[in-house]
Amino acid sequence: MFNGSAEYSGHDEPVEPLRPLNWNLLSSEEAEAEWLDLNAWVDWLRSTYGLAPTVIPPYWHRHDELIWELSALHLHWLNSYDPDGSPSAPIMWHRDFADARQRLREWVATCGTRLDRDRPTRQTTWPGEDAQPSGVEVVIEDRGADFVEFVVEDIAARRRIEDRARAGRAG
């Protein structure tokens, strides 16, 4: 997959045919594999195309809007560069990548994450809803360590849900 250079070849082993990825429905095991693959691809993408943090910021993984956009772009790339795919698919991917870069810039500007600082995306409170707490801005010190912590927390949360579901079926 990713070996620390600007190389990315996709999944290490044969996988099922590509399908849309719904992060809300992934098991803990599926999510772990997808997080690692997406992280490697995003690192490859930003390095290969020299993307600024206004397009892909270090804490992209902490913003749902960026996760969904980058995940869709990743699946599109995998499909476009499939050995059995159309020879014209890569040019279509690049056209769509140009559109995605504009959307990513908008998402990054909206959520307010930057190269050296991050805060949770602000949520608009609708009339009748409880006010959402405003997130605290944090200094980004170690992006890699934060990503690992984030994934560990995500997997643990998914396992708790899976455990409750199993307990509910058993009991």
Counting all Cα-Cα pairs in the chain, those more than 21 Å apart amount in percent to 55
Scattering profile of segment 35-101 from the Debye formula, Cα beads only, expressed as log10 I(q)/I(0) at q = 0.12, 0.21, 0.25 Å⁻¹, is -0.30, -0.89, -1.21
The percentage of the accessible area of segment 43-144 (probe 1.4 Å, all protein chains present) made up of carbon and sulfur atoms, to the nearest whole number, is 52
Note to self, the chain gives a 222 nm [θ] from helices alone (DSSP H runs n ≥ 4, -39500 (n - 2.57) apiece, / all residues, nearest 500) of -18000 deg cm²/dmol
Env charge @ Thr54, Cβ radius under 11 Å, K,R +1 / D,E -1, value +2
To the nearest 20 debye, the chain has a Cα-centred charge dipole, built from +1 on Lys and Arg Cβ and -1 on Asp and Glu Cβ, of 460
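The values are calculated or read from the model by the stated rules, or taken from the named source; none is laboratory data. Note that the structure is predicted; figures quoted are calculated from it, not measured. Note that we place each Cβ from the backbone using ideal geometry, even for glycine, and neighbour counts take in every protein chain shown. Just the protein is used for accessible areas: all its heavy atoms, side chains included, with ligands, DNA and RNA removed. Shrake-Rupley method; radii C 1.70, N 1.55, O 1.52, S 1.80 Å.
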